[in-house]
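What follows draws every value from the coordinates through simple rules; no lab data is involved. Since the model is a prediction, treat every value here as computed from it, not as a measurement. Ideal geometry is used to build each Cβ from the backbone, glycine not excepted, and the neighbour counts take in all protein chains shown.
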Amino acid sequence: MYTAKYSAPSNIALIKYWGKKTSQIPMNASLSMTLKNCKTETEIQYFPNKPFEINFYLDGKKEVSFVNKIESLLKKMSEKFDWILKGKFDIYSHNTFPHSSGIASSASGMAAFVLCIFDIHFQLKNDFFDFHDHLNDISSYSRVGSGSACRSLFPGFAIWGDLGGKFNSSDNYAVNYSGVSDFYKTLCDTILIVSKNKKSVSSSDGHQLMNHHPYKEIRIKEANRKLFLLLEILNQTDFDQLADLIEQEALELHALMMTSSPSFILLEPSSIKLIQMIRHQRSQGHKITFTIDAGPNIHLIYPESESQFVMKFCEEVQKNNLIENFINDEIGIGPVKL
């Protein structure tokens, strides 16, 4: 038996990718912040020379709903690693954050999974493995499993999508972006859980609706324009500029949902109220802003210096029943071998 165990973090996109080409290629480039506390820990036990089989356990409970997706990824990876289809896999996974919390477990889960597969490959070769030396390949295969997973392999900030070759960017894998001022190296993300209910429209279905969206071309152009602008902002210290840009981007994502055909709305009344409250507090001098993924939950973004105020804010909105819960996180360092 060969075994490998890794943790990989989730990430929150500040510039979103929305819409896919074939083979999990994004319609537009994206930029994300890697989280620290919200992560997936995965262990794979590989038994060679046995009939190909996958057993997946989430928090100790056998789950069959993920097996098809894992099998599809393993078959793709078998094009590179010929040993994959010649053995049995027992996979044990644990998320440090609750399901349906507005945090992408597919991103952290697939990143940790692919890291384990690469580690086992090097064990089979009796060779030394340092994942930092193989990030492009690992990120590329993680992308096949879950688009945003390719960004979960890097500390700080990551870019995914071709920006005309700049920053070594690619559609096939993500790259680290380190040109960030010290001011933004302590960013925090507190996730305000508005609802834990399953979304009425999945992200996968939402991506597909972009194929014939009337604003498809302008969205691609605007997303890339905003990404370059955000890179400039991250080199500076003007928080209001950051806030204006990432809020516009988050609301544009939801505007695309509302104007697709069929259209759909994932924001809840509490989501709108929280946006108004966050903007009011910023007008009072607090350095807080928000982003939103494809769901109703609000990611409250702020520098570490605002932590005390944010805790009071979260306690107040929870007491007023605007949120069910909140999860504190911060900028992270990327995957870790366990």
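Some values worked out for this structure:
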quantity	calculated
The chain: angle of helix 216-234 to the longest principal axis, Cα-based, in degrees nearest 10	80 degrees
In sequence order, calculated HN-Hα J values of the stretch 235-242 (Karplus, 6.51, -1.76, 1.60; Hz; x Gly/Pro)	7, 10, 9, 8, 5, 4, 5, 4
Cα gyration tensor, the stretch 2-179 - rounded (a/c under 1.5), prolate or oblate	prolate
Among 168, 126, 14 - extreme Cα towards positive end, dipole of the stretch 2-179, charges at beta-carbon	14
Relative packing of 188-201, 308-321, 25-38, which averages over residues the other C-beta atoms within 10 Å, highest first	25-38, 188-201, 308-321
Answer label, with volume of the Cα convex hull per residue in Å³ calculated from the coordinates and candidates (i) 178; (ii) 133; (iii) 320	(ii)
Whole-Hz couplings from phi, Karplus 6.51/-1.76/1.60, listed for the stretch 316-328; x for Gly and Pro	5, 6, 6, 4, 8, 6, 7, 9, 7, 6, 9, 10, 8
Karplus-derived 3J(HN,Hα), 6.51/-1.76/1.60, for each residue of the stretch 39-55, Hz, glycine and proline x	8, 10, 9, 10, 10, 10, 10, 10, 10, x, 6, 10, x, 4, 7, 10, 10
Degrees between helix 67-77 axis and first principal axis of the chain (Cα, 0 to 90, nearest 10)	70 degrees
Three-way shape call for the stretch 34-100 based on the alpha-carbon gyration tensor, with the a/c threshold at 1.5	prolate
Long-range HN-HN contacts of residue 52 with modeled amide H, under 5 Å	87
Ranked by how many other beta carbons lie within 10 Å on average, peptides 55-65, 75-85, 130-140, 168-178 from highest	168-178, 130-140, 75-85, 55-65
Distance from the stretch 324-338 to the stretch 1-61 (C-alpha centre basis), Å	15 Å
5 angstrom amide H check on residue 57, placed H, neighbours 5+ away	63, 91, 92, 93
Unit charges on C-beta of K, R, D, E only; dipole of the chain, Debye	700 debye
Helix 135-145 vs. the chain, principal-axis angle (Cα, 0 to 90°, nearest 10)	80 degrees
Prolate/oblate/rounded label for the stretch 182-330 (Cα gyration tensor, a/c 1.5)	oblate
For the stretch 226-296 versus the stretch 69-86, the gap between their alpha-carbon centres in whole angstrom	39 Å
Amide H contacts under 5 Å for residue 298, placed H, 5+ residues apart	192, 194
